1. Return the calculated 222 nm mean residue ellipticity for the chain, to the nearest 500 deg cm²/dmol, obtained by summing -39500 (n - 2.57) across DSSP H runs with n ≥ 4 and dividing by the residue count.
2. Against the longest alpha carbon principal axis of the chain, how many degrees, from 0 to 90 and to the nearest 10, is the axis of helix 36-46 turned?
3. Could you tally the net charge around residue 19, taking each other residue with its Cβ under 14 Å from the Cβ of residue 19, Lys/Arg +1 and Asp/Glu -1?
4. Order the following by accessible area, largest value first: 115, 63. Probe radius 1.4 Å; ligands, DNA and RNA are ignored.
5. Using a 1.4 Å probe, what is the accessible area per residue for the chain, in Å²?
6. Note down the magnitude of the dipole of the chain about its Cα centre, charges +1 on Lys and Arg C-beta and -1 on Asp and Glu C-beta and zero elsewhere, to the nearest 20 debye.
7. Any chance you could check the Cα centroid distance between the range 43-81 and the range 145-181 for me, in angstrom?
8. For 182, 10, give the ranking by accessible area with the largest first, probe 1.4 Å.
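The values are calculated or read from the model by the stated rules, or taken from the named source; none is laboratory data. A quick note: this is a predicted structure, and the numbers were derived from the prediction, not measured. Note that each Cβ is placed from the backbone with ideal geometry, even for glycine, and that neighbours are counted across all protein chains shown. These area figures cover heavy atoms from the full protein model, side chains too; ligands, DNA and RNA do not enter into them. Shrake-Rupley method; radii C 1.70, N 1.55, O 1.52, S 1.80 Å.
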Amino acid sequence: MITLLIVDDHPVVRDGLRGMFRSDPCFEVLGEAADGVEALALVERLDPDVVLMDLRMPGGGGVDAIAELGRRGARARVLVLTTYDTDSDTLPAIEAGATGYLLKDAPRDDLFTAVRAAAQGRTVLSPAVASRLVSRVRAPGNEPLSTREREVLALVAKGTSNRAIAVELFISEATVKTHLTHIYGKLGVKDRAAAVATAYSRGILG
């Protein structure tokens, strides 16, 4: 039996997922959380095999929770289950340590298969996400920056520290570093100074 923790800020979604997994004796839902902070506490207390993690949640997002679970050495595997498949969502989640990434429109059987694979430590990606990642690897440096990445880069250009950027944008310092990693990859540079210079030369920063 695979034990689960469901993390989503929408009660209807949590109820639906719980009912779905209850229909199969191979799964047991140990608990539910409405945000990343609550998820961290429940993972520590319940020790599930797999965490079904939404990403954008008030009170504590999924990416920060995934990263913190990794820092704590949690045994649970994280399978992201969300409606968002943009690079600004998928890449931070995977880099933070998510075992898999699935969209909420996935068929029930695909979800069950993904949970089983995640429990075994195997990576599972929805076709849309897999395609985006492959495209990004094949064409580094050509991808536009997301709105948040532009915000981070603009603050970097002003000489703002990672900690100050985190305060300014109401995100964690770890998330700032993740955004910088993506910016470097998209611009084909290796440090803050080169990123700013390249952004000005390409007209990304005015």
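1. Values: 10 runs with 112 residues, N = 206.
It comes out at -16500 deg cm²/dmol, rounded to the nearest 500.
2. 40 degrees
3. Details: positive: 14, 18, 22, 108; negative: 8, 15, 24, 28, 32.
So the environment of residue 19 carries a net charge of -1.
4. On the way: 115 0, 63 35 Å².
The ranking, largest first, comes out as 63, 115.
5. On the way: 10150 Å² over 206 residues.
Result: 49 Å² per residue.
6. On the way: 25 positive and 27 negative charges, 160 e Å.
Dipole of the chain, to the nearest 20 debye: 760 debye.
7. 23 Å
8. Values: 182 5, 10 95 Å².
The ranking, largest first, comes out as 10, 182.
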